[in-house]
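Here the structure comes first, spelled out in structure tokens, and everything after it is commentary.
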Protein chains: 4
Amino acid sequence: MTTVAFLGLGIMGLPMATNLVSAGFDVVGHNRSKGKADALAERGGRAAGSVAEAVRDADVVVTMLPDSPDVEQVLAGTDGVFAHAGAGTLVIDASTIRPDVSRELAAAGAERGLRVLDAPVSGGEKGAVDGTLSIMVGGSPEDVEAARPVLDAVGKTVVHVGPAGSGQTVKAANQLIVAGTIELVAEAIVFLEAHGVDTDAAVRVLAGGLAGNAILERKAAGMLARDFTPGFRLALHHKDLGIATAAAREAGVVIPLGAAVSQLVAAMVARGDGGLDHSGLLALVEQLSGRA
Amino acid sequence: MTTVAFLGLGIMGLPMATNLVSAGFDVVGHNRSKGKADALAERGGRAAGSVAEAVRDADVVVTMLPDSPDVEQVLAGTDGVFAHAGAGTLVIDASTIRPDVSRELAAAGAERGLRVLDAPVSGGEKGAVDGTLSIMVGGSPEDVEAARPVLDAVGKTVVHVGPAGSGQTVKAANQLIVAGTIELVAEAIVFLEAHGVDTDAAVRVLAGGLAGNAILERKAAGMLARDFTPGFRLALHHKDLGIATAAAREAGVVIPLGAAVSQLVAAMVARGDGGLDHSGLLALVEQLSGRA
Amino acid sequence: MTTVAFLGLGIMGLPMATNLVSAGFDVVGHNRSKGKADALAERGGRAAGSVAEAVRDADVVVTMLPDSPDVEQVLAGTDGVFAHAGAGTLVIDASTIRPDVSRELAAAGAERGLRVLDAPVSGGEKGAVDGTLSIMVGGSPEDVEAARPVLDAVGKTVVHVGPAGSGQTVKAANQLIVAGTIELVAEAIVFLEAHGVDTDAAVRVLAGGLAGNAILERKAAGMLARDFTPGFRLALHHKDLGIATAAAREAGVVIPLGAAVSQLVAAMVARGDGGLDHSGLLALVEQLSGRA
Amino acid sequence: MTTVAFLGLGIMGLPMATNLVSAGFDVVGHNRSKGKADALAERGGRAAGSVAEAVRDADVVVTMLPDSPDVEQVLAGTDGVFAHAGAGTLVIDASTIRPDVSRELAAAGAERGLRVLDAPVSGGEKGAVDGTLSIMVGGSPEDVEAARPVLDAVGKTVVHVGPAGSGQTVKAANQLIVAGTIELVAEAIVFLEAHGVDTDAAVRVLAGGLAGNAILERKAAGMLARDFTPGFRLALHHKDLGIATAAAREAGVVIPLGAAVSQLVAAMVARGDGGLDHSGLLALVEQLSGRA
């Protein structure tokens, strides 16, 4: 029986760990705040009091943490995963962090005989609960193959997109497209409303053609109703766009629309709306257009 | 048997008129350059030597013309449709033009007892040939109902989106979203290539999540292969974005991303690439990123 | 003695006409609302009851009107200047309008034997009162030379910038730079305030180097004090940016910053702040940054 | 006699150190590449073989280095300034680096009893040679007062703008305004050329009004002549805009124009033109407008 250490049992991590339990893995969970590990234990996993304890006998370690510094500390810090995991352990980081940090951690892990993958996910809390996440995996083909049973237990679409860091790069591109598309749909909706068009009908016909996208399908109804319950919060999207614009800058890639939408997301956070769903960008377009 | 006068037998108009013939309508075609009407005659329609001749005995008139001034002239000009059509005739303008011009023409037609609809289409040459166009219709509910048999013969998704001009407004929004989405996908692709990611795999996983859109599905493969054969030419999209940005300005709607992508499309036309497919925006992102 | 007909006696026109009186010209003024012409009469000019009456015996006609349609009507409309001015009359349009309209009016005037110049001004109400306006003149060298005595009486810097329409083109460029510079200074001020810098000292050092500009010199103090009393109203600047962006589009010139700042000015007008001085763009940057 | 250790004798540092010699200071110079310190010795200073040697007996240390990591290493690194300078030494960093790094270094220096100022300059090589730099100083009022004799020997406008890091913040704002203004002037010039205006005359009239700025005065002639000899190179400006956009992001300040011009500068660097003067942004506007 494969033992999986799961570190980071938040909104995404706990249901992912639970799905691993359901799939028959022996799951040992750890979280900074102890209650979370107990919640996992209630669902058939085991609670560990420290990273060291969780990792010591694990075949696979999965991390699901907020940001780059968290992952650096939990993996490479004193008393972290690298210090305690056995040689050959698979380390799967499902967090969304900077691609360059993922690359460095993969290299640092390899020096200690560990096999580190970056495997950020998309699909949100619902995808985590249903086990239908999309997972973009960076690492060596062999390690990705070895990780597949674990990844298949938490995701539906698992795609190997290149060497270490590539998963994060694709996730960054994903977040650019998502933010940009939300903003385009928001501009279109305010434009249509200002012209007195039947927006329900308009969204229907827009969704069916070359303008069609997942935001029109899944988010437009909420946007028309001004329901911005998250979902995925603007504050997190702001963090992700910081990663994406920095990675573009490092690579010398010019992203005029990506840069522009990043400013708009920053404005939503600055005005105190970081807790809204990212579709809340509509509120900014309305405000700018004097219709709020 | 319903007689349809079809004015404007270009790349889009000829196959649309042909589909009307196939659907059992008596179609009389006219085009400024005479060969086009003869082509329709070979496919079972009839050729008219003038707008007046085409329109005189028609129950329905369909126009499919390049731009606002063309439609103004053919409908409201001397010897145009309004001068020769019988009272009660349905006039369906399938061209993509300015919403305010559509509204004015509808009002001017109504004064002469004509029932004018704006019904711009999306779906391109392929949609016109296959009869699978999406059609956004502005006008009164009764007139749209009366026009349905004709519209259903050339399109698959026919949606009434509001009063006169609304079809054009929705089409303008459509073109904003399409251009913006192409640019977002282009920025993402150049970003992924610069980072050495497996772009085929990346496009697959992006298309499956919240970043998914029709451009990733239908255009990304061509973009990865740098195949910018039109499809829909940038020069036409540039015209359409001129309509959209002007309509936004008139309505006091602020569209930061729409305005930004309009500048990029203008740059493609300015550099002489107006004849490329609109997915050719990728070439500009590459050039800006020093990768062309 | 040279007789000057002055049409349009608003905030700018009345002091300009008054300066012509002071310089020794025989000035006949007309304005749609009659009180204005009486005000001129009180200052030593004469009041005319109609355009025809004002223009009939004039050697020079000066127009100072709000927008393109006004100038078109007063010059080329029924009972307008072109219909009543004697052959060889100099017609100087000091309004800020579309360059293409200026070109068309110059051509239409020439057909009637009139010599039409476009001569938009900058310097605001203060410049009009003090006779220190900057004037950008488009037209033939001979006509500009002939107009110099009149122009020198109302402006300090009179520059011939090219053939008909060129004055408007330069004015459009002027308005792009002014709006853009205000926005840059606004972004800098909010940025400095957010970082707790001594902004008075900062503005002083910024003004002295390569970042120096007329906005830092004349407007920054008001911006720091949040005093947005016009000056030049955002609503008018919005009109001018519409002219500038349309002229850029026609010429195939891509203006990323010009297009971006036009959206921001549009947002100020949309939110109901069109009556503020254009330096009020600062309020938008503050709002976007959650500091309003 | 005050002894000044000068670390970093490049294009800016060497003439600044030379001006300190001329002003009567005892100047000990050090540079990674030894020839530079010898050049200073030829001009009346002294050459030191290491940072330690330069710093040991100095009353004041001045650093003029390329980027944040260089300053971190030379000040806080092993065998750096902090390790060898005597208690109470004034440390003046004239480099342009990240404000947060300046703040951290000031705090770290204070722990060792050192008085650290950030004092970035503007005015370029010419200003360094002529001793006419503008200097934006962050630090305590007492330390700034103590540093004045040294600063006055290399600059003309020395302004205390706030606590530690403030100098860098103001310099970042300076670079945002400069880049933005260059781009605005570039867009205006290409726009005027496309319309066939007399650009020399136009620049003259623009410079005299509210659109007036230092770029029109000092750079426009070179831009009209397409002479992009640096001056200040785009590669350095790109680095500085990275600092500015990151500092804005950290402070939650939204800078739509700053973000847009940063993308354009990035594009110039990406296409291999990082060695041009920053006024070379004109070449990008031309290329985007199909006029290159």
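The values are calculated or read from the model by the stated rules, or taken from the named source; none is laboratory data. A quick note: this is a predicted structure, and the numbers were derived from the prediction, not measured. Quick reminder, even Gly has a Cβ in these numbers, built from the backbone with ideal geometry, and neighbours come from all protein chains shown. These area figures cover heavy atoms from the full protein model, side chains too; ligands, DNA and RNA do not enter into them. Shrake-Rupley method; radii C 1.70, N 1.55, O 1.52, S 1.80 Å.
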Checklist line | D:V55, sole failed condition from (1) open to solvent by 30 Å² or more (accessible area, probe 1.4 Å); (2) over 25 Å from D:A235 (Cα atoms) | finding: (1)
Item checked: Which numbered condition B:D143 fails, given (1) surrounded by fewer than 24 Cβ atoms within 10 Å (Cβ to Cβ); (2) within 16 Å of A:A214 (Cα to Cα) -> (2)
Note to self: Taking the condition of being over 21 Å from C:G196 (Cα atoms) and modelled with pLDDT of 95 or more, how many residues in the range D:88-124 meet it?
What the structure shows: 9
Checklist line | Single residue of the range A:249-273 satisfying the filter (open to solvent by 20 Å² or more (accessible area, probe 1.4 Å) and away from chain C (no Cβ under 14 Å)) that is farthest from A:P120 (Cα to Cα) | finding: A:G252
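So how many residues does the range C:153-162 have that are outside any helix (DSSP H, G or I), more than 7 Å from every other protein chain (Cβ to nearest Cβ) and surrounded by fewer than 24 Cβ atoms within 10 Å (Cβ to Cβ)? Show your work before the answer.
Filtering the range C:153-162 down to residues outside any helix (DSSP H, G or I) leaves C:155-162.
The next check asks that each one be more than 7 Å from every other protein chain (Cβ to nearest Cβ); those that pass are C:155-156, C:158.
After this cut, where a residue has to be surrounded by fewer than 24 Cβ atoms within 10 Å (Cβ to Cβ) as well, the list is C:156, C:158.
Summing the residues that are outside any helix (DSSP H, G or I), more than 7 Å from every other protein chain (Cβ to nearest Cβ) and surrounded by fewer than 24 Cβ atoms within 10 Å (Cβ to Cβ) in the range C:153-162 gives 2.
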Margin query: Condition check: open to solvent by less than 10 Å² (accessible area, probe 1.4 Å) and modelled with pLDDT under 95. Does C:G127 satisfy that?
Written below: yes
Next item on the list: Confirm whether B:S134 is within 29 Å of B:N174 (Cβ to Cβ) and either at pLDDT below 95 or part of a strand (DSSP E or B) (or both).
Entry: yes
Notebook entry, point to check: Quick check: anything in the range C:170-177 under 30 Å from D:V159 (Cα atoms) and aliphatic (A, V, I, L, M)?
Noted result: yes
Next item on the list: Mind telling me which of the residues B:G275, B:G280 ends up being part of a loop (DSSP other than H, G, I, E, B), in contact with a Pro (Cβ under 9 Å, 6 or more places away or on another chain), within 20 Å of D:Q287 (Cα to Cα) and in the same structural domain as B:L184 (by TED's automatic domain parsing)?
Entry: B:G275
Item checked: Tally, over the range D:274-292, of residues that are under 22 Å from the mean Cα position of the chain (by Cα), open to solvent by less than 40 Å² (accessible area, probe 1.4 Å) and free of Cβ contacts under 8 Å to residues at least 60 places away in the same chain -> 3
Check: Taking into account only those residues within the range A:103-119 that are closer than 24 Å to A:E53 by Cα and under 19 Å from the mean Cα position of the chain (by Cα), which is surrounded by the fewest Cβ atoms within 10 Å (Cβ to Cβ)?
Finding: A:A106
Notebook entry, point to check: Do you know which of the residues in the range A:225-248 that are of a type in the set (A, V, I, L, M, F, W, C) and under 21 Å from A:A128 (Cβ atoms) is modelled with the lowest pLDDT?
Noted result: A:F232
Notebook entry, point to check: Which residue, of C:A76, C:A83, C:A107, is in contact with a Leu (Cβ under 9 Å, 6 or more places away or on another chain) and hydrophobic (A, V, I, L, M, F, W, C)?
Noted result: C:A76
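Can you tell me which of C:S122, C:S95 is in contact with a Leu (Cβ under 9 Å, 6 or more places away or on another chain), in contact (Cβ under 8 Å) with a residue 40 or more places away in the chain and either open to solvent by 10 Å² or more (accessible area, probe 1.4 Å) or among the hydrophobic types (A, V, I, L, M, F, W, C) (or both)?
Working: C:S95 fails: either open to solvent by 10 Å² or more (accessible area, probe 1.4 Å) or among the hydrophobic types (A, V, I, L, M, F, W, C) (or both).
Sole residue among the options that is in contact with a Leu (Cβ under 9 Å, 6 or more places away or on another chain), in contact (Cβ under 8 Å) with a residue 40 or more places away in the chain and either open to solvent by 10 Å² or more (accessible area, probe 1.4 Å) or among the hydrophobic types (A, V, I, L, M, F, W, C) (or both): C:S122.
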Check: Of all the helices (runs of 4 or more DSSP H) wholly in the range C:169-248, which have at least 1 residues that are in contact (Cβ under 8 Å) with a residue 40 or more places away in the chain, surrounded by 24 or more Cβ atoms within 10 Å (Cβ to Cβ) and more than 8 Å from every other protein chain (Cβ to nearest Cβ)?
Finding: C:220-224
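Looking at this structure, is C:V81 within 18 Å of the chain's Cα centre (by Cα) and open to solvent by less than 20 Å² (accessible area, probe 1.4 Å)? Even if it seems obvious, please write down each step before you answer.
Values: within 18 Å of the chain's Cα centre (by Cα): no; open to solvent by less than 20 Å² (accessible area, probe 1.4 Å): yes.
So C:V81 fails the test.
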